[in-house]
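Inspection log for the structure reproduced underneath, given as structure tokens.
A short reminder: the numbers here are calculations on the coordinates, not readings from a lab. Since this is a predicted model, take the numbers as computed values, not measurements. Using ideal geometry, Cβ is built from the backbone for each residue, glycine included, and neighbour counts are taken over all protein chains shown.
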Amino acid sequence: MSYEGWFTRTVQLRVNNEHNVLMIIEGETGTGKSCLGLSLAQGFDSYFSSRRIAFNASEFFDLLKTVPHKGWILWDECGVGLSHREYQRQHNIEVMKVIQSFRYKFINVIFTVPSASYLDKVAREMCHYLLRLKKRGQASVYRIMKSPFEGHVFTPFIGNVYSEMPTSFIWEEFRELHAEHQELLYEKARKQMEADSLKAEKKLESDLKPKDTLETYTEKALLILPQIVDPSKITDQGLVDVAEMQRILRVPHNKAYNLRKAVIKELHKHDDRLLKQLAEKKTK
């Protein structure tokens, strides 16, 4: 492996001065992001190995328990776990809390991603260097800096970096781990699609299913009058047991009292004929 000496010295000087390094490598698929990340990690840390490579947030958190002081981690395709999407915001917050502690734990991380814009805004601003792949093994280096007065982030170009392939041993191990991760990712995506499809089908069935109206609930209630009506009650409010009616017919709460009114109206039709019949049944 060989590196542009100035960049190696710059990074190592920062680490030696007790400052950690968070670095983004961005580039299109197949441009060699992972290859460059591995090569740099090996150059910065002679103890770096495939055991310090993460493919998702869970693996990243596990690595934090074992990585040594001033050690390096490569989080490959981290856009999946540090996305800017709204639904992952709480997830991102938890990751950000951990990354902020790296300054004191002196942990260094290389993030690879197709585009830095895929990352959560806070994650981007917390990083120190951005490497944009020009071609395999060659990248433009930008320093990520934030104005202390205005809060704006600017990224001045500071040079180019070149590297050869990482050692064949770690490269082969990475390819095997990456293939396993991709298979798991595809399987997870397939299961999620199946779950979403099943959920959509159930929703469609529910939407197409005829809804019970007040009239249909009234018809059902009239069939179970002995169970929900006490003809000995003096007031209409006590005549119908609303709770029992809800339990038996599974009436939504917002329809229960309107249904009681409808049932009482039916009970008082034709000179309270239904009430008299119920009273006679009760006395027998």
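The helix-based estimate of mean residue ellipticity at 222 nm for the chain, built from -39,500 (n - 2.57) per DSSP H run of four or more residues and divided by its residue count, is -15500 deg cm²/dmol to the nearest 500.
The listed peptides 31-44, 152-165, ordered by packing as a protection proxy, come out as 31-44, 152-165 (highest mean of other Cβ atoms within 10 Å first). Listed from fewest to most Cβ neighbours within 10 Å, the set LEU185, LEU198, LEU278, LEU119 follows the order LEU198, LEU185, LEU278, LEU119.
Projecting the Cα atoms of MET245, GLY30, LEU184 onto the charge dipole of the chain, computed from C-beta unit charges around the Cα centre, puts MET245 farthest toward the positive end. Considering only ILE53, LEU64, ALA123, the residue lying farthest towards the positive end of the dipole of the stretch 5-181 is ALA123, judged by Cα position with unit charges set on Cβ.
The dipole here belongs to the chain: it is taken about the Cα centre, uses +1 on the Cβ of Lys and Arg and -1 on the Cβ of Asp and Glu, and is about 760 debye. Contact order for the chain, expressed relative to its length and based on alpha carbon pairs under 8 Å spaced 6+ residues apart, stands at 18 percent. Computed over the Cα atoms of the stretch 1-61, pair by distinct pair, the Kirkwood hydrodynamic radius stands at 13.1 angstrom. When only alpha carbons are used to place a centre, the stretch 20-73 and the stretch 224-245 end up 71 Å from one another. Over the chain, the Kirkwood radius and the radius of gyration, each from Cα atoms, give a ratio Rg/Rh of 1.39. Between THR216 and HIS268, full extension at 0.36 nm per residue minus the direct alpha carbon distance yields a gain of 16.8 nm. The P(r) of the stretch 214-283 has a tail past 14 Å containing 53 percent of all C-alpha pairs.
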